[in-house]
1. Could you list, in sequence order, all residues of segment A:22-56 that are within 14 Å of chain B (Cβ to nearest Cβ), under 12 Å from A:Met76 (Cβ atoms) and not β-branched (Val, Ile, Thr)?
2. If you scan segment B:79-104, which residues turn out to be over 25 Å from A:Tyr29 (Cβ atoms) and either open to solvent by 80 Å² or more (accessible area, probe 1.4 Å) or within 14 Å of chain A (Cβ to nearest Cβ) (or both)?
3. Of B:Lys129, B:Lys55, B:Lys72, B:Lys48, which residue is more than 23 Å from A:Asp50 (Cα to Cα), in contact with a Leu (Cβ under 8 Å, 6 or more places away or on another chain) and open to solvent by 90 Å² or more (accessible area, probe 1.4 Å)?
Amino acid sequence: MAEEIKPDKIVDARGSFCPGPLMEMIKAYKQAKIGDVISVYSTDSGTKKDAAAWINKSGNQLIGVFDKNGYYEIEMKKVK
Amino acid sequence: MVDKASIVLASGTVDKLMAGSIIVSGAVANEMEVNVFVTFWALMEMRKNAGENTKLGVEGKGMEKQLFSIMKEKKVPSWKDTLKQAMEVGDVHVYGCAMFADLMGIGKDDLDPMIEEVIGVSQFVDMAKDSKMTLFI
């Protein structure tokens, strides 16, 4: 399991439904600088897969998906 | 060149409109350019004075009360809010159908500002013809 990194930006999308968390993550990604670490909190189980797939497909770095006891934290680094 | 998705929203029931707006979001997440053509009962729901939509399609008949109270309780965003969010994040254009607007005497000013323009079917088909994905909902 990858180590968690202190994020530059946290997107708290807990309670938000598909596709809310993913869209909020993309919005935060567009506003971020290269090298920024973004953390997304989500309670929506589909987001876990969707967000990880988006991060990989877009050529960014998936730091990890962490189970936080009641919600997930998806952590990414903007590399492009 | 970016991939394009073209979606016709024709049904005015919440189940279909919600599915449509979520798929628009999915297309945005896949970096597609999305053109949405809104006609018939979906266009009726795009009128500024449409009021709250609590309609479901035939399969959902009798389920309205239950479904809408669950959606309210879980704070599920409306299909319009989901579509708005997709428009903020990606390259999404929403057009009204000129034929149905004329038929019902609906002008652009009567429609939600999400509707960029009222256009004819040929203009939409021209946008749609080289799409990777086309849907009629």
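The values are calculated or read from the model by the stated rules, or taken from the named source; none is laboratory data. None of these values were measured; they are calculated from a predicted model. As a convention, Cβ positions derive from the backbone with ideal geometry for all residues, glycine included, and neighbour counts pool all protein chains shown. In case anyone asks, the SASA skips ligands and DNA or RNA and just uses the protein heavy atoms, side chains included. Shrake-Rupley method; radii C 1.70, N 1.55, O 1.52, S 1.80 Å.
1. If the condition is that a residue be within 14 Å of chain B (Cβ to nearest Cβ), under 12 Å from A:Met76 (Cβ atoms) and not β-branched (Val, Ile, Thr), then A:Leu22, A:Met25, A:Ala28, A:Tyr29, A:Ala32, A:Ala51, A:Ala52, A:Ala53, A:Trp54, A:Asn56 are the ones that fit.
2. Result: B:Met99, B:Asp102, B:Leu103, B:Met104.
3. B:Lys48
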